[in-house]
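Heads up: the structure comes next, in C-alpha cells.
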Ligand code: VG1
Ligand code: CO
C-alpha cells in the first residue's frame, strides 16, 4: 500500500460535543478538516493495527465523500478490515450492534442526527468504542487535544471503493467488507421481541401503524422490519426513502417537526399507533390515537412493563435517566426496588452502567430510550417495545399511559428551546443563574419553595470519572424542578434548553395540557434566567 503523508494546519474548533463533532458541511469541506479530525482520533487510539473498524452514516449530504476519505485514512493508519454499511448507510444503533457482534475495535458514525442536512446544513462524525457506545469523555478530550496540534495526516493512495456492492474486497493490506445495513439489526430485534405476536396483532388489524422515517436512515429498517417481517402495509411508512437533505426538513421526531404524523394521529382517521425516528435512527417519538407520550413517560412505562417483553422477562438490573429527564422512572424504580441512576445529558454516560450490568434500560427526555442490547439509544427498538406492549396488554396507548399515571402519578413535563441565541448572551444567562444559586434555597415563589439549587456534577460509579458543569438545576420542596443547560449539538450560536416538571398525584388532574399545568413554573423560569428579557425573544423556538 502506498501511503502519503499530507502536511496540514490544525483547526481550533474540533471539540466534540454531546454526541460527536458537528459543524456545517461547509466547515467539513475545508481542505484537511475532516482528514485532520479522523487522524486526530486515530492518533489518540492505541493498538488497532490489523483490527476492524465499522463505518457508516445516516446518508446525509457529504456522507459518501467523507466515507471515501475515511477508508483511505483508515487503510493508511493500519486497520486490517473495514465493515461498511451498503451505500455508506448505518443507523447509529445498527452501527453499535455491528461493532459488538463482529468484535470490532471501534466505529465511526457519520451523522448530525436530528440536525438538518444538505450543502448549507450540518454534518457530523462520532467515534464509538469497542463496546459499541459513544466514546467517553476521556477519549473525546484526547481527540480535541490532538486536533489542536496535528500537522499532518496519512492517506492511502487508492481509488474509491464501490460502496454498493455487498461482499469483501481484499485490497492491498486491508479488507473492505460491505454489508447489508439492516440484516444484523433485524435479527437482533427478532431475538428481543415477540415477532409472532406482533405479526398476528398487525394482520388481524388489532394494531394499525404509522411510522414516519422523516426521509432519514430508518426508512430501510422500518420497511424490512414492519412491512417485510411483520406484515404491515407499505403505506404504513411515510417519508421512507432516505434523502441527502431529508426533504429539506429537520429529521427531528417531535410534534413540531414530525407534523405530518402528528396531524394524522390527532385526526379522526388515526391508526392505533404512530411513531417517528430521527436522522440517524437513535431517537423515537411515540404517539397513540389522540395522544403523545413524552419520552420521560415512555421510559417510565417501559420500565414498569419490561417483564412483558421476552428480552426483559427476567426483570431489570436497574434503570438510568439523564438529569433533565423527568423523575417518572424514579417512581417505577422505587416501587420495584430497582437501582436508579441520574447521569449527565448524552448517551456516552450510560455505557459504563450498561457494561457493568448495573442497568438494563435507560433514557433521555430528548426522545431517546434504549437498553443493554446495544450501547446507543435505539428508535426502532423503542417502537417495537411499544408495539409488543400494546399487543401483549391488549390496551391502547392512551389506556397504557393513563393506567400508568393512575398508579404512579403524572410528572407533567416540557422542554423549551431557545435556538441560535448569541453565544455571549447565552453565557451571560448561565452566569446569571450561577450567581443566583446560593441565594435560592429556602426562598418561596408562590407555591414553590426552593429545596436546593446547584450545578449538576456527576461521578461515574464505575470508573470514578467526574463530569462537572452539566446543567443548572433548581428543585422545589413539592417535587417540581427546572433545569437550564446549553446544547452541545447545535451548530449556530447557542441553544438554551429549559426543562420544567411538576408532579401531579391527583388522577382527576392528569388530563391537563402541560403548558397550562406548568404555567407558573414557566414564568418562574423566566424570572430566574431572563432569556426573553436578554434576547428580546417572546417565546421559545421549539416546545417539546
Ligand atoms: C441533545 C439531547 C441529548 C442527546 C443528544 C444527542 O443534546 O439533549 O439528550 O443525547 O442531543 O442526540 P444537546 O447537548 O443538544 O442538548 V442525537 O439523536 O443528536 O445523537
Ligand atoms: Co440521533
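Would you mind classifying the range 195-290 by shape? Square roots of the alpha carbon gyration tensor eigenvalues, ordered a ≥ b ≥ c; an a/c under 1.5 is rounded, otherwise it is prolate if a/b is larger than b/c and oblate if not.
Working: a/c = 2.19, a/b = 1.31, b/c = 1.67.
The shape class here is oblate.
Just order 271-277, 83-89, 245-251 by mean Cβ neighbour count inside 10 Å, highest at the front, would you? Don't skip to the end; give the middle numbers.
Details: 271-277: 25.7, 83-89: 23.7, 245-251: 20.7.
So the order, starting with the most tightly packed, is 271-277, 83-89, 245-251.
Rounded to the nearest 500 deg cm²/dmol, what is the calculated helix-only ellipticity per residue at 222 nm for the chain, with -39500 (n - 2.57) per DSSP H run of length n ≥ 4?
-9000 deg cm²/dmol
Can you list the equivalent-ellipsoid semi-axes of the range 178-223, largest first and in whole Å, using the square root of 5 times each Cα gyration tensor eigenvalue? Intermediate results must be reported in sequence, preceding the final value.
Working: eigenvalues 95, 53, 9 Å².
The three semi-axes for the range 178-223 are 22, 16, 7 Å.
Using Cβ contacts closer than 10 Å as the measure, can you line up 529, 340 from fewest to most?
Working: 529 22, 340 18.
If I rank by nearby Cβ atoms, fewest first, I get 340, 529.
Tell me whether the range 125-220 comes out rounded, prolate or oblate; compute the Cα gyration tensor, take square roots of the eigenvalues as a ≥ b ≥ c, and use a/c under 1.5 as the rounded threshold.
On the way: a/c = 2.82, a/b = 1.80, b/c = 1.57.
The shape class here is prolate.
Looking at the range 456-525, I'd like the Rg to Rh ratio, where Rg is from alpha-carbon atoms and Rh is Kirkwood's inverse mean 1/r. Don't skip to the answer; put the middle values down first.
Details: Rg = 15.7 Å, Rh = 14.5 Å.
Rg divided by Rh gives 1.08.
Give the shape of the chain as rounded, prolate or oblate, defined through the alpha-carbon gyration tensor: a ≥ b ≥ c are the square roots of its eigenvalues, a/c under 1.5 means rounded, and otherwise the shape is prolate if a/b is larger than b/c and oblate if not.
Working: a/c = 1.76, a/b = 1.25, b/c = 1.41.
Because a/c hits 1.5 or more and a/b fails to exceed b/c, the chain counts as oblate.
Can you say what percent of the DSSP beta bridges in the chain, counting only those with both residues inside, are antiparallel? Round to 5.
Numbers: 62 of 90 bridges.
Beta bridges within the chain, antiparallel portion: roughly 70 percent.
Sticking with the crude label model, points 7 Å out along Cα→Cβ, report the distance from residue 166 to residue 457 in nm, one decimal please.
Going from the residue 166 label point to the residue 457 one covers 5.2 nm.
Just to confirm my numbers, what's the Cα centroid distance between the range 55-116 and the range 447-508 in Å?
Their Cα centres are 33 Å away from one another.
Sorting 280, 184 on the 10 Å Cβ count, fewest up front, what's the list?
184, 280
Read-outs throughout are calculated quantities, based only on the coordinates presented, and are distinct from any laboratory measurement. Keep in mind that this is a model prediction, so the values were computed, not measured. Note: ideal-geometry Cβ built from the backbone for every residue, glycine included; neighbour counts use all protein chains shown.
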